[in-house]
Amino acid sequence: MNTLSMTGFARAVGAAPGEGAVSWVWEVRSVNGKGLDVRLKVPGGFEAIEVPARQAIGRRIKRGNVNAVLTVHRPERPPTYRINEPLLTQLVAAAGHARALSGSGLAPARVDGLLAMKGVLEAIDDPDADTHRQARESAVLGTLGETLNRLEAARREEGARLAETMTGQLDLIADLTARAEALAATQPAALKARLAKQVAELLEASPALSEERLAQEAALLATRADVREELDRLKAHIAQARDLLADEGPKGRRLDFLCQEFNREANTLCSKSADVALTRLGMDMKATIDQLREQVQNVE
């Protein structure tokens, strides 16, 4: 069976080359949903990977609510500073100009004073950040791909269990349909006997009622009680559901639609039934269809 569940979880760890102890963890969890809803959480400094990460998830998952979280572990080290040279140049020029305007009445600007000005010294987490950024982002996306591989394996494993359960439920629906077909074959005789009794009672109560009118009413009742079309459609739906389970690709929506069709036929079967045993079979069929639909809600 080639069935994918929408429920799964995967985790993978990665580290960027040349960055020492810097490492990260991807955790991706998926649950059932009507469409594809991706919620992505990345730490500051990794905003550039958001779009390609969403695209990677969208290529692998077609339905479900997906939560993907990236956690980055950076080594603790003393902060590194760099001088904002353009700003420092502007400040030195401004200080010289102010001293010239004052007629050298101002003391020359001191280095420590200039460095104390806001924005002249900038703290940076990684002096080689620009050098490593591209390689790091590529490695992070590579780890996401590994996580999605593991998630797909988990979803496929769960999907195999779902397919086995749904196959058993389809087998039960097929068995109930066969039993209903056997009972339906006996309905005309039972209906004929019941109608004969009702006709006798009607003739006794209304002697003026014509036999032609009675025959028309009897034919109408027999037509209304005929469930052969419903049984034929149920068998066709069962065959189509089995084919879908064997197919590749997303199938949850089509299986859900089939469950609606199953339920419609089972309801009509119960409403047209002229036999208590056939009605009970129809009710058992409806219960099994509901169980099948519960499983289908988890299929991609």
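The values are calculated or read from the model by the stated rules, or taken from the named source; none is laboratory data. Everything numeric here is computed off the predicted structure, so don't read it as measured data. Neighbour counts run over all protein chains shown; Cβ positions are idealised from the backbone, glycine included.
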Exercise. State whether the residues of segment 275-288 include one that is assigned by TED's automatic domain parsing to the domain that holds Leu176, over 29 Å from the mean Cα position of the chain (by Cα) and at pLDDT 95 or above.
Key: yes
Quiz item: Any residue in segment 228-246 that is in the same structural domain as Leu170 (by TED's automatic domain parsing) and modelled with pLDDT under 85?
Solution: yes
Quiz item: Counting just the residues of segment 126-151 that are aliphatic (A, V, I, L, M) and within 30 Å of Met6 (Cβ to Cβ), which one comes out modelled with the lowest pLDDT?
Solution: Ala139
Quiz item: Scanning for something at pLDDT 95 or above and touching a strand residue (DSSP E or B) at 6+ places or on another chain (Cβ under 8 Å), does segment 70-92 turn up at least one residue?
Solution: yes
Self-check item: Count of segment 257-279 residues which are touching a residue at least 40 places away in the same chain (Cβ under 8 Å) and aromatic (Phe, Trp, Tyr)
Solution: 1
Quiz prompt | Hits in segment 68-85 (condition: in contact (Cβ under 8 Å) with a residue 40 or more places away in the chain and surrounded by fewer than 16 Cβ atoms within 10 Å (Cβ to Cβ)) | solution = Val69, Thr71, His73, Arg74, Pro75, Pro79, Thr80, Tyr81, Arg82
Quiz item: Would you pick out the residues in segment 8-41 that are modelled with pLDDT under 95 and either of a type in the set (S, T, N, Q) or outside any strand (DSSP E or B) (or both)?
Solution: Ala16, Pro17, Gly18, Glu19, Gly20, Ala21, Val22, Ser23, Asn32, Gly33, Lys34, Gly35
Quiz item: Out of all the residues in segment 236-253, which are within 18 Å of Leu172 (Cβ to Cβ) and in contact (Cβ under 8 Å) with a residue 60 or more places away in the chain?
Solution: Ile238, Ala241, Arg242, Leu245
Self-check item: Residue count for segment 43-59, restricted to those that are surrounded by fewer than 17 Cβ atoms within 10 Å (Cβ to Cβ) and either assigned to a helix (DSSP H, G or I) or touching a Pro at 6+ places or on another chain (Cβ under 7 Å) (or both)
Solution: 9
Quiz item: Which ones in segment 94-125 are modelled with pLDDT of 70 or more and among the β-branched types (Val, Ile, Thr)?
Solution: Val111, Val120
Quiz item: Could you list, in sequence order, the residues of segment 257-289 that are loosely packed, with under 15 Cβ neighbours inside 10 Å and under 25 Å from Thr7 (Cα atoms)?
Solution: Phe257, Gln260, Ala287
